[in-house]
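K.L.:
Would you mind keeping the following structure in view while I ask a few things?
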Amino acid sequence: MSRSVLLVEDDRALRNSLREALSVEGYDLKTAASLADARAQLRNLPMGKTIDLVVLDLGLPDGEGQSLLAELRQSGHTPVIVISAREAEGQKIQLLDQGADDYLVKPFGIGELLARMRVALRHRGHNIEPAVLHYCHGALEVDLKARKVQLSKVEVHLTPTEYALMARLVRQAGQVVTHRQLLADVWGAEHVDQTHYLRLYMGQLRAKLEVNSADPQHLLTEPGVGYRLAESDATD
Ligand code: CA
């Protein structure tokens with residue numbers, strides 16, 4: 001089934017190159033060069049048609065992409081991937097907190113955009129199904145149902161806090177989870193500023209689960225934003 005994607009981007013050259021890449025991948029791509037154009041396309045979808053994912057630029061000729069993100073979050077669950085030349089980490093965090101699924105800084109590789117689109121689409125499927133209970137990536141396996149973490153089939157003992165952090169990342173594997181989200185969910189809302197807890201516990205998790213904790217393969221850092229557990233190998 002072909003997935004329909006709305007690309008909101010005023011840079012014609014980027015629109016054209018993404019159009020080509022996405023159609024090769026089998027996506028049904030619609031494009032809009034402004035917020036007004038995007039809103040009109042979303043409003044005037046043919047009966048029974050939906051947009052499965054929105055790729056959204058921030059700087060648009062008639063305003064900021066954030067306003068469309070807010071409208072999409074109010075009206076439903078369409079995943080949104082923000083693409084922007086702006087690298088300020090504060091803004092990344094804000095957009096993720098506002099409900100963007102992911103954030104790519106321009107220039108980005110098409111392969112990376114495609115991979116993150118697959119994750120976002122898969123995740124929306126998961127959101128209406130039971131939560132992810134099983135994760136595996138290379139030698140690492142996490143079974144949330146059995147509360148078991150294994151490395152090369154050997155059980156690894158985690159402390160309750162380490163396990164809670166791991167489980168939180170597993171539930172959103174492949175996606176970045178911000179420092180604030182992790183702190184709020186694992187330690188509680190009153191601890192959202194204690195980023196040193198995270199540094200400490202991520203260090204412990206990496207020491208137990210990574211071959212080389214200086215070059216992690218599973219527990220990835222998104223500098224200044226949060227952490228991302230590498231996408232699960234499991235096909236489902
Ligand atoms: Ca732009």
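The values are calculated or read from the model by the stated rules, or taken from the named source; none is laboratory data. These numbers were taken from a predicted model, which means no experiment stands behind them. So basically every Cβ, Gly included, is an ideal-geometry build from the backbone, and we count neighbours across all protein chains shown. SASA here: full protein model, heavy atoms, side chains in, ligands and nucleic acids out. Shrake-Rupley method; radii C 1.70, N 1.55, O 1.52, S 1.80 Å.
K.L.:
Between a first residue in the range 49-63 that is without any contact (Cβ under 8 Å) to a residue 40 or more places away in the chain and a second residue that is open to solvent by 10 Å² or more (accessible area, probe 1.4 Å) and part of a strand (DSSP E or B), which pairs have beta carbons less than 7 Å apart while being 6 or more apart in sequence or on different chains?
P.N.:
Between residues of the range 49-63 that are without any contact (Cβ under 8 Å) to a residue 40 or more places away in the chain and residues that are open to solvent by 10 Å² or more (accessible area, probe 1.4 Å) and part of a strand (DSSP E or B), the close pairs are LEU58/GLU64.
So that you can scan it fast, the table gives a plain yes or no per residue for (1) touching a Lys or Arg at 6+ places or on another chain (Cβ under 8 Å); (2) modelled with pLDDT of 90 or more; (3) not polar (S, T, N, Q):
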{"position": "LYS153", "(1), (2), (3)": "no, yes, yes"}
{"position": "LEU182", "(1), (2), (3)": "yes, yes, yes"}
{"position": "LEU200", "(1), (2), (3)": "no, yes, yes"}
{"position": "LYS208", "(1), (2), (3)": "no, yes, yes"}
{"position": "GLU222", "(1), (2), (3)": "yes, yes, yes"}
{"position": "ASP233", "(1), (2), (3)": "no, no, yes"}
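K.L.:
Tell me, yes or no, whether the range 167-180 has at least one residue that is open to solvent by 40 Å² or more (accessible area, probe 1.4 Å), within 24 Å of LEU104 (Cα to Cα), outside any helix (DSSP H, G or I) and in contact (Cβ under 8 Å) with a residue 24 or more places away in the chain.
P.N.:
yes
K.L.:
Under 7 Å by Cβ, and 6 or more places apart or on different chains, what pairs join a residue from the range 203-226 that is of a type in the set (Asp, Glu) with one that is surrounded by 15 or more Cβ atoms within 10 Å (Cβ to Cβ) and not in a loop (DSSP other than H, G, I, E, B)?
P.N.:
Close Cβ pairs (under 7 Å, with a partner that is surrounded by 15 or more Cβ atoms within 10 Å (Cβ to Cβ) and not in a loop (DSSP other than H, G, I, E, B)) amount to GLU210/LEU219; GLU222/VAL176; GLU222/ARG228.
K.L.:
May I ask you to list the residues in the range 179-204 that are polar (S, T, N, Q) and within 14 Å of LEU96 (Cβ to Cβ)?
P.N.:
Scanning the range 179-204 gives a single hit, GLN181.
K.L.:
Any residue in the range 17-28 that is open to solvent by 20 Å² or more (accessible area, probe 1.4 Å) and part of a strand (DSSP E or B)?
P.N.:
yes
K.L.:
Go through the range 202-227 and give me each residue that's open to solvent by 50 Å² or more (accessible area, probe 1.4 Å) and touching a Ser or Thr at 6+ places or on another chain (Cβ under 9 Å).
P.N.:
Once the filter is applied, which keeps residues that are open to solvent by 50 Å² or more (accessible area, probe 1.4 Å) and touching a Ser or Thr at 6+ places or on another chain (Cβ under 9 Å), the range 202-227 yields GLN204, ALA207.
K.L.:
Of the residues ASP37, ASP101, ASP52, ASP11, which single one is over 26 Å from HIS179 (Cα atoms), surrounded by 14 or more Cβ atoms within 10 Å (Cβ to Cβ) and away from the ligand (no atom under 16 Å from the Cβ)?
P.N.:
Of the residues listed, the single one that is over 26 Å from HIS179 (Cα atoms), surrounded by 14 or more Cβ atoms within 10 Å (Cβ to Cβ) and away from the ligand (no atom under 16 Å from the Cβ) is ASP52.
K.L.:
Specify the residue that is farthest from the ligand (Cβ to nearest atom); the eligible residues are those in the range 78-98 that are in a loop (DSSP other than H, G, I, E, B) and open to solvent by 30 Å² or more (accessible area, probe 1.4 Å).
P.N.:
Of everything passing the filter in the range 78-98, THR78 is farthest from the ligand (Cβ to nearest atom).
K.L.:
Considering only residues that are among the hydrophobic types (A, V, I, L, M, F, W, C) and under 11 Å from the mean Cα position of the chain (by Cα), which ones fall in the range 81-112?
P.N.:
Of everything in the range 81-112, those that are among the hydrophobic types (A, V, I, L, M, F, W, C) and under 11 Å from the mean Cα position of the chain (by Cα) turn out to be ILE81, VAL82, LEU96, ALA100, LEU104.
For (1) in the same structural domain as GLN181 (by TED's automatic domain parsing); (2) modelled with pLDDT of 90 or more; (3) out of contact with any helix residue (DSSP H, G or I) (no Cβ under 7 Å at 6 or more places or on another chain), each residue gets a yes or a no:
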| site | (1), (2), (3) |
| --- | --- |
| HIS77 | no, no, no |
| VAL80 | no, yes, no |
| ALA85 | no, no, yes |
| GLU89 | no, no, yes |
| LEU96 | no, no, yes |
| ASP102 | no, yes, no |
| VAL105 | no, yes, yes |
| LEU113 | no, yes, yes |
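K.L.:
Would you check if ASN44 is within 16 Å of the ligand (Cβ to nearest atom) and open to solvent by 50 Å² or more (accessible area, probe 1.4 Å)?
P.N.:
no
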